[in-house]
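Visitor: One structure, pasted below without further comment.
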Amino acid sequence: MAITVRELAQALDARAWGDLDLPVTGAAEPAATDPVGPQGGTIAMAMAPKYAAALKPGSIAILAEGMDPEALGLRAAILAQRPRLLMAGLTRAFDPGPGIAPGIHPTAIVDPSATIGPDAAIGPFVVIGAGVRIGQGARIGPHVSIGRGTAVGDDALIHAGVRIAHGVTAGDRLIVQPGAVIGGDGFSFVTPEESGIEEIRRTLGSRDAIRQQHWTRIHSLGGVEIGDDVEIGANATIDRGTIRATRVGNGTKIDNLVMLGHNVVVGDDCLLCSQVGIAGSSRVGNRVVLAGQVGVNDNIEIGDDVIAGGASKIFTRVPAGRVILGNPAVRMETQMEIQKAMRRLPRFAQQLAKLQEAVTRLLEKG
Amino acid sequence: MAITVRELAQALDARAWGDLDLPVTGAAEPAATDPVGPQGGTIAMAMAPKYAAALKPGSIAILAEGMDPEALGLRAAILAQRPRLLMAGLTRAFDPGPGIAPGIHPTAIVDPSATIGPDAAIGPFVVIGAGVRIGQGARIGPHVSIGRGTAVGDDALIHAGVRIAHGVTAGDRLIVQPGAVIGGDGFSFVTPEESGIEEIRRTLGSRDAIRQQHWTRIHSLGGVEIGDDVEIGANATIDRGTIRATRVGNGTKIDNLVMLGHNVVVGDDCLLCSQVGIAGSSRVGNRVVLAGQVGVNDNIEIGDDVIAGGASKIFTRVPAGRVILGNPAVRMETQMEIQKAMRRLPRFAQQLAKLQEAVTRLLEKG
Amino acid sequence: MAITVRELAQALDARAWGDLDLPVTGAAEPAATDPVGPQGGTIAMAMAPKYAAALKPGSIAILAEGMDPEALGLRAAILAQRPRLLMAGLTRAFDPGPGIAPGIHPTAIVDPSATIGPDAAIGPFVVIGAGVRIGQGARIGPHVSIGRGTAVGDDALIHAGVRIAHGVTAGDRLIVQPGAVIGGDGFSFVTPEESGIEEIRRTLGSRDAIRQQHWTRIHSLGGVEIGDDVEIGANATIDRGTIRATRVGNGTKIDNLVMLGHNVVVGDDCLLCSQVGIAGSSRVGNRVVLAGQVGVNDNIEIGDDVIAGGASKIFTRVPAGRVILGNPAVRMETQMEIQKAMRRLPRFAQQLAKLQEAVTRLLEKG
């Protein structure tokens, strides 16, 4: 898969320096990058001055604009304006992918009423239900199951063991990591009479009559609607809606072990990091970033462009553009002040006790 | 799947109004419900006055008792005493289910010593081990594996890709969402000499001699015992017990990505919401509700009818009937007061500093 | 699978007492252990005096050294120096395992270029890619998929439905519980211009210009490198590295639903309990214990021998040997003091208000 430095620079839309005909075979960290040999060599990722020390003379590297390839003794270099962005193109260029063979594997079970787009690749032991539509160029790994009437757009990449239930629709360029479950039933139950949870929501915490009650299931008739350019992480779960669909907007990226409850609506271009949980019927705006282990209560609304720091627990509505942190989540600056004060809290307690003594003495004197 | 308004009202044990012979084809949100056509139409879920505005004249709806179908221009209506409960019956009536074909799929591998109940449906690529018993009317989706000697009761619904290990017993009407794992080995290890964790539990936090130690595995000989009417969420995991079984009581519902450790005992009619984790050997009573992301320490006891708010972290025993919140979890009212005080904490710090100054001045004067 | 008391004691390297020829058929809790019959009987786990009360005369038991088998009316006993350690040997002796039949199941699809070690057992519907190497004596359950070029060492036990992607290497005696995913793509995205997250990291929380941005994927070229004697829990996920590999050291045990992000490095002999999440590029030392639901921020370092209590959220570097707790995590003693003070916080608020009044009066008088 070697390409020349020139070709790589063109693909990355970046400036190149040195011997542009050298073949590049892959990318590596500076310490793992040897000087270029007769077959070419890997290109070292040294996109900040602190990484330059490990570069070996005679090798090829990607540097940040402003670094000096000649002084570093390189044979060739590509100069990045925005190194992280260039990284995206570079890693795409060298990603061999999961290796799903073209065509439909003979062990795959595809319902005759399903439509498989041209150039789609379907792996061993895949099960595709009635009326399913799979777009052009889609790749589906081993042991995937796709339920009745579900539609997946063009160029999807669905990794091994993914479960997509019936009645799900997804746009183009969907990526689903192994083991993710899309369209499981919502967690929605009701008791014949008022339940304890309904009671404490009404009374804000106090309980009157505790009685034995069984839970009756509310079935999930809605499906899941997923936009274009969405990625869903390994073993993440997205439940189907009750009456309408659970929705994920265009360009939203969802990490491993994330949970989206029934009826949740997530907007466009969001990042939901690992182990985030969003409870039933909550709505998340566009370009929202929820860091790892964030929790969102049910039935609340998070505005556009909100950023929530790691493990924030969000119990109430968050206005657009706010940066929040903590349990319960508050503005990040406020949380920082609270945390500072909390660390001083044991000292406060002592100071308060001393003050009380002093004032008592003053009062006695007075 | 259309039924008449009359039949639906009878099935839901609710009062009907208007043209009871109109056919109902499904349920939808008010805005998505069109006036009834020649083939009938969907029924709008408008079970609170705030939803009534979106209702279109000439359509069919479910209303809460007290709302006026005539004033809303409806053709027919069903009046609900307890709307959420009626929702359960309604969604059950219209749920087409996952579509598992009757019979045993020819690709399924069923051990000759396994017993499959009458009318059970077993999907493609299922693997069923020696001595397994599957109840009457059970439905098992594709790619499920069930280990040696496990028993599943009547009318179970086991979705795609579920893993049930050997030595598990489950009652009737079990529902398992895709990807759940029942009966993985417990996370139980021991070091030849006292480990760091044992040391800090004994010393409450201080460590004396840190030394290199390897972990030796304690195998899990116990299985998992699950009652009747239990539901287990997508990608949830329930570990087997060490010597005796891990247990889940009748009627308990477990959401996606929940973790029950080895030897855990959960009572009847509990709700364990998404991403809850219960560590090894803890015991949870009956009718306990743990909201999303709640954590329960190992070896503790949670009494009957406890309700824990979202992301509560429970480190110590909780008496029956208590409503708790926070990390560490305390009574909900106490937590609310703590949170209020925490938000004022930075202000306290300032006030305290001012007071100290004032008192110092007073003392100097004195 | 019965062995004599003598053989069991020898296998456990422990002292035996009584009739050493009695056959032991399994292990059970004291209350579930009947007196020895003609075929022998189970051995009761009664390794602390509090468990002795439930022992039935005429049975066999494991006791802690110092307990008296004769006074308890036992027929035979094994005396444990360190009961928890003996438990490891005992449960290993009686674990029947998942029951994967020897040989390669005829439905398994093994690429001709893969190398399968002698005595390996490969279950039904397994898919093994090109160039994969599976060690001697490895056991692989049903529905497992292993991607191109991955290597798994000797005596591995890979349970049902595990997904191991391409380019993963694992040492000997690897155990992977059902549904775990090793080698999913990292969650790594970049926007063409500075993203909101980059902005708030730079400004510590304030946002200037919010603009629409799409996320571009950084592909994961690195694999996952796993040492010897590692265990990975059910539905856990370990992402592949970006350029170099994500790494897990020898002897480290990882529980269910744990998430290790891309480029994470975990040292030797760690315990990562259920639902722990470690964000991208963080480094964890040797013998570190992270209790359930702990979260670790990205790009930080946790020293050797650190122990973090349940649900600790770690945002900054932790020095070696420290015992920490809380959100944000601080030294456990400090956290305990903070929690004590927090519970008294509402009272502080009252006391402070009273003091202010008193001082105001004093100042007025003065």
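Visitor: Ignoring everything except DSSP H segments at least 4 long, calculate the 222 nm mean residue ellipticity for chain C; use -39,500 (n - 2.57) per segment, divide by total residues, nearest 500. Don't jump to the answer; show the numbers that get you there.
Guide: On the way: 6 runs with 65 residues, N = 366.
Mean residue ellipticity, 222 nm, calculated: -5500 deg cm²/dmol.
Visitor: If I compute solvent accessible area with a 1.4 Å probe over the protein chains, what percent of it on the protein assembly as shown is carbon and sulfur?
Guide: 50
Visitor: Give me the inter-chain shielding for C:94-101: mean count of other chain Cβ atoms within 10 Å, whole number please.
Guide: The shielding value for this peptide is 5.
Visitor: Ignoring ligands, DNA and RNA and using a 1.4 Å probe, state the total buried accessible area between B and A in Å², rounded to the nearest 100.
Guide: 5900
Visitor: Mind pulling the per residue volume of the convex hull built on the Cα atoms of segment B:3-94? Å³ is fine.
Guide: Taking only Cα atoms, segment B:3-94 has a hull volume of 75 Å³ per residue.
Visitor: Still on this model: Tally Lys and Arg at +1 and Asp and Glu at -1 over the other residues with C-beta under 13 Å from the C-beta of A:I197: what net charge comes out?
Guide: -1
Visitor: Relative to the other copies, what are the label-point distances for C:G131, with labels 7 Å from Cα along the C-beta vector, expressed in nm at one decimal and sorted shortest first?
Guide: Ordered by distance, the counterparts are at 4.4, 4.4 nm.
Visitor: Still on this structure, please answer the following. Project the alpha carbons of segment C:124-194 onto their principal axes and report the range along each, largest first, in whole Å.
Guide: Here the Cα extents, ordered largest to smallest, are 52, 21, 19 Å.
Visitor: Residue by residue through segment A:22-30, which ³J(HN,Hα) values in whole Hz follow from phi under the Karplus form 6.51 cos²θ - 1.76 cosθ + 1.60 (θ = phi - 60°), with glycine and proline marked x?
Guide: My calculation for segment A:22-30 gives 5, x, 9, 9, x, 10, 8, 6, x Hz in order.
Visitor: How big is the charge dipole of segment A:3-94 about its Cα centre, in debye rounded to the nearest 20, if each Lys and Arg gets +1 on its Cβ and each Asp and Glu gets -1 on its Cβ?
Guide: Computed about the Cα centre, the dipole is about 240 debye.
Visitor: Could you pull out every residue, at least 5 positions away or on a different chain, whose amide H is within less than 5 Å of the one on B:I140? Hs are placed 1.01 Å off N in the peptide plane, and Pro or chain starts have none.
Guide: HN-HN under 5 Å from B:I140: B:A121, B:I122, B:G123, B:I158.
Visitor: Same structure, new question: Can you figure out the FRET efficiency of C:S113 with A:L20, using R₀ = 30 Å and their beta-carbon distance, to the nearest 0.05? Mind dumping the intermediate values first?
Guide: Details: r = 36 Å, r/R0 = 1.19.
So, using R0 = 30 Å, E works out to roughly 0.25.
Visitor: Please return the longest range in chain C lying between exposed loop sites, taking GluC sites (Glu not before Pro), DSSP loop only, at most 14 other beta-carbon atoms within 10 Å, and leaving the sites out.
Guide: C:194-366
Visitor: Residues of segment B:138-176 with accessible area at least 50 Å² lower in the all-protein-chain context than alone (1.4 Å probe)?
Guide: Buried-area filter returns B:H143, B:R148, B:R163.
Visitor: Taking the Cα atoms of segment B:262-302 alone, what are Rg (to one decimal) and Dmax (as a whole number) in Å?
Guide: Every Cα atom of segment B:262-302 included, Rg and Dmax give 9.1, 22 Å.
Visitor: What value in Å³ per residue do you get for the convex hull of the alpha-carbon atoms in segment A:72-170?
Guide: Details: hull volume 12.7 nm³, N = 99.
In segment A:72-170, the Cα hull volume divided by residue count equals 128 Å³.
Visitor: If you take each beta carbon of peptide C:297-309 and count the beta carbons of other chains within 10 angstrom, what is the mean?
Guide: 2
Visitor: At a 1.4 Å probe radius, which order do C:D229, B:D298 fall into by accessible area, largest first?
Guide: Ranked list, largest accessible area first: C:D229, B:D298.
Visitor: While we're here: Choose one answer from C:A138, C:A31, C:A130: the residue with the largest mean-square fluctuation in a GNM of chain C with alpha-carbon springs under 10 Å.
Guide: Evaluated over chain C, the most mobile residue of the options is C:A31.
Visitor: Here's a follow-up. Roughly speaking, what % of Cα-Cα pairs in the protein assembly as shown are separated by over 57 Å, rounded to a whole number?
Guide: 17
Visitor: How much area per residue is accessible in chain C when the probe is 1.4 Å and only protein heavy atoms are counted (Å²)?
Guide: Values: 13760 Å² over 366 residues.
Solvent-accessible surface per residue comes out at 38 Å².
Visitor: Using Cα-Cα distances under 8 Å and only pairs 6 or more residues apart, what relative contact order does chain C have, in percent?
Guide: After rounding, I find 6 percent.
Visitor: Provide the solvent-accessible area of C:W17, counting protein heavy atoms only and rolling a 1.4 Å probe, rounded to the nearest 10 Å².
Guide: About 70 Å², rounded to the nearest 10.
Visitor: Of A:K253/B:K56; A:K340/C:K354; A:K313/C:K340; A:K354/C:K340; B:K253/B:K313, which sit over 30 Å apart, Cα to Cα?
Guide: A:K253/B:K56
Visitor: Can you sort C:K340, C:K313 by solvent-accessible area, 1.4 Å probe, largest first?
Guide: Values: C:K340 110, C:K313 10 Å².
Largest accessible area first, the residues go C:K340, C:K313.
Visitor: What per residue convex hull volume, in Å³, do the alpha-carbon atoms of segment B:103-330 yield?
Guide: Convex hull volume per residue, Cα atoms: 110 Å³.
The values are calculated or read from the model by the stated rules, or taken from the named source; none is laboratory data. Keep in mind the model is a prediction, meaning the values are calculated, not measured. Note that each Cβ is placed from the backbone with ideal geometry, even for glycine, and that neighbours are counted across all protein chains shown. SASA here: full protein model, heavy atoms, side chains in, ligands and nucleic acids out. Shrake-Rupley method; radii C 1.70, N 1.55, O 1.52, S 1.80 Å.
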